[in-house]
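First the structure, in the form of structure tokens, and then the observations on it.
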Amino acid sequence: MSSLSNGGMRMPAWLAGIGAAALMTGLAVAPVESQVPVPDAPMTVMPLPLDRTVATPPLPAPTLTSAQAKLLRQMLDGASAHGLTADPAKSSVQPVALGPDDPALIGAVMDHARALHAGRLTKADYLPAWGLRPAAYDPWPGFVAAVTQDRLASWIASLPPPYAGYDALRRGLTTYRQIEASGGWPVVPAGPDIGPGSSGPRVVALRKRLAVEDKDADLGTSDKFDTKLAEHVRRAQKRYGLEPTGTAGQQTLAALNVPAAQRVRQIVANMERWRWLPADLPADRIQVNIAAAVLTMFKGDTPVTSMRAVTGRPGDETPMLQSSIHSIVINPPWNVPQSIAKKELMPKGAAYLKRAGFKIIPLDGGGTRLQQKPGEGNSLGRIKFDFDNPYGVYLHDTSSRATFSRYARMVSHGCVRLERPVDLAELALTGDAKWEGDAVQAAIDKGDTVRARLPQPISVYLLYWTAFASANGQVSFRADPYGWDDTLANKVAASARRAPVVTASVSGGA
């Protein structure tokens, strides 16, 4: 398949947000019984700088032709299709006719261009854990050049994120808004699991519900649960990141009964996150979808490996961020954060600490800290991937392997645990003759703590994708355990209400 290149080609939709790959392979998450997590480094919440306030030269603007003004008004009318304004069908804002000489037209265009290219949020809108921030963007120079050189259409086309994943979500937004406008979908009444042997009105309701969202479904109206219905239940479960059992249990019914309006807001939130990414992703990179708990590594823009991960539990969220992995520590000791040491480990007593390989180290100026020796039982496992970030998180192995078999894998203190860390290390160290063949495993077996510098740093992105779509606009969803979707959708809506002009008529001044 084709993929995103540094020349601006769009990545295939199945790679959008990584989570689609998880969906296709069943590597997805859904709430199941909780498990006591193995301690690892906590997320230290620190604010990151953001300054997207760029001084735009004062008006007067370049003189617009009537055709250019019409093109700009059409751009503003399309803002809702990008989730930047309310659905026109539900908006109380009346269209405003703006002529080519109206300064308000240029003001609205500048606001829309900034929002479409770099997101709706201001510095104050970001949560501390939202460490992935868009670069500063001033649309004015490009706009002036586009007007004077009469290439306004190409400037407008360059504003949205240049990714197929964004385009697919935009099509999905249209679809789900239409579903919402048509009354949404029927609620499947609460009750026992719906599966083989089930019959009655709840089976009929399930058929009707699945048919609304799955355009390829031909489910009929029978009140008997049959093999065809079971297959469509599995299709829905895969789209929602649930275990594809074919039986509509409580988790499946809960996902199906989320209102269409909430799914619209989820799509809008994820479209906003796409605007925080750089226009050109590095061809060699590692991406983690926090919400799906899946890691994918790309070489030359092509995915070369994908694996399950464990990400932060609610309250210990894995932050969104961009950094570069510069080294790998083999057989790392674990320097326990003080919060974990005091709350979770020290209360277990000296006998437990000794048995688990912890030692108490005095600190200069008083106090102590805990360190766990390297080895089989170390909470970091045998490999740690280091990258600079203000949160104190990293990728690492783990001595607790059972979690990877679960669909719910958000149980860490904020770091990302890896299903196959040796495979990832060997790929990351490709090009260094010292680490060819089985050298990584040999170093692990030897037991010494070794830091291996990467031949070239590899970009790493920790992303939070809870909605991603195929090329035809079929959207897959994941749970929003951190509550970030609602928070972000509210902030986008509030920012849109503060915009100088949110919609315009194409009738005036054409």
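The values are calculated or read from the model by the stated rules, or taken from the named source; none is laboratory data. The model shown is predicted, which means the values in this text are computed figures rather than measured ones. Neighbour counts are summed over all protein chains in view; Cβ atoms, including those assigned to glycine, are modelled from backbone coordinates with ideal geometry. Ligands, DNA and RNA are excluded from the accessible area calculation, which covers all protein heavy atoms including side chains. Shrake-Rupley method; radii C 1.70, N 1.55, O 1.52, S 1.80 Å.
For segment 161-227, the relative contact order comes to 29 percent (Cα pairs under 8 Å, sequence separation of at least 6).
On a C-alpha basis, how far is the centre of segment 229-268 from the centre of segment 316-366 in Å? Whole number, if you could? After rounding, the separation between the Cα centres reads 38 Å. Solvent-accessible surface of segment 242-380, taken per residue with a 1.4 Å probe and all protein chains present: 38 Å². For the pair Ala67 and Arg497, the difference between a 0.36 nm per residue extended length and the Cα-Cα distance amounts to 152.0 nm.
Rounded to the nearest whole Å³, what is the per residue volume of the convex hull around the Cα atoms of segment 381-441?
In segment 381-441, the Cα hull volume divided by residue count equals 98 Å³.
Give, in nm to one decimal, the length gained when the segment between Ser405 and Thr221 is fully stretched (0.36 nm per residue of separation minus the Cα-Cα distance). Working shown, then result.
Working: separation 184, 0.36 × 184 = 66.24 nm, distance 3.65 nm.
Result for the pair: 62.6 nm of gain on full extension.
The orientation-averaged projection of the convex hull spanning the C-alpha atoms of segment 126-249 amounts to 12.2 square nanometres. One compactness figure for segment 271-426 is 1.13, namely its Cα radius of gyration divided by 2.2 N^0.38 Å.
For a Förster distance of 51 Å, can you work out the FRET efficiency between the beta-carbons of Gln149 and Ser327, rounded to the nearest 0.05? Mind showing how you got there, number by number?
Numbers: r = 47 Å, r/R0 = 0.92.
For Gln149 and Ser327, the calculated efficiency is 0.60.
Mind grabbing the base-10 log of I(q)/I(0) for segment 242-351 at q = 0.18 Å⁻¹? Debye formula, identical points on the C-alpha positions, no solvent, two decimal places. Evaluating at q = 0.18 Å⁻¹ gives log10 I(q)/I(0) of -1.22. Only Cα pairs under 8 Å and 6+ residues apart enter the sum, and on that basis the relative contact order of segment 361-440 stands at 19 percent.
Each principal axis of segment 108-191 carries a Cα extent, and these read 63, 35, 24 Å when sorted largest first.
Within the shell of other residues whose beta carbon sits under 12 angstrom from the beta carbon of Gln262, the net charge comes to -2, with Lys and Arg scored +1 and Asp and Glu -1.
Work out, step by step, the length gained on full extension between Val258 and Tyr137: first 0.36 nm times the residue separation, then minus their alpha carbon distance; give nm to one decimal. Write down the numbers at each step before the final one.
Working: separation 121, 0.36 × 121 = 43.56 nm, distance 3.61 nm.
Fully extending the segment from Val258 to Tyr137 adds 39.9 nm.
Normalised by the number of residues in segment 279-343, what is the relative contact order in percent for Cα pairs under 8 Å and 6+ residues apart? Display every interim value, and only then the final one.
On the way: 57 pairs, mean separation 12.5, N = 65.
Computed over segment 279-343, the figure is 19 percent.
Pairs from the table (Lys354/Lys446; Lys208/Lys238; Lys299/Lys384; Lys359/Lys384; Lys342/Lys491) lying more than 29 angstrom apart at Cα are Lys342/Lys491. Across every pair of non-identical alpha carbons in segment 356-510, the mean reciprocal distance, once inverted, gives a Kirkwood radius of 20.4 Å. Take segment 132-176 with all the other protein chains still there, run a 1.4 Å probe, and you get 36 Å² of accessible area per residue.
With both labels modelled 7 Å from their Cα along Cα-to-Cβ, the Glu344 to Asp364 distance reads 2.9 nm.
Quick check of the Kirkwood formula: for segment 331-403, what is the inverse mean of 1/r over all pairs of different Cα atoms, in Å?
On the way: mean 1/r = 0.0755 Å⁻¹.
One over the average 1/r among Cα pairs gives 13.3 Å for segment 331-403.
Modelled label positions at Asn490 and Ala433, each set 7 Å beyond Cα in the direction of Cβ, lie 6.0 nm from each other.
Put a dot 7 Å past the Cα of Ala124, heading toward its Cβ, do the same for Lys446, and the two dots end up 5.6 nm apart. What is the sum of charges around Ala356, taking Lys and Arg as +1, Asp and Glu as -1, for the other residues whose C-beta is under 10 Å from the C-beta of Ala356? Neighbourhood net charge equals +4. Roughly to the nearest percent, how much of the accessible area of segment 243-380 is carbon and sulfur, given a 1.4 Å probe? Using a 1.4 Å probe with all protein chains present, segment 243-380 comes out at 53 percent carbon and sulfur.
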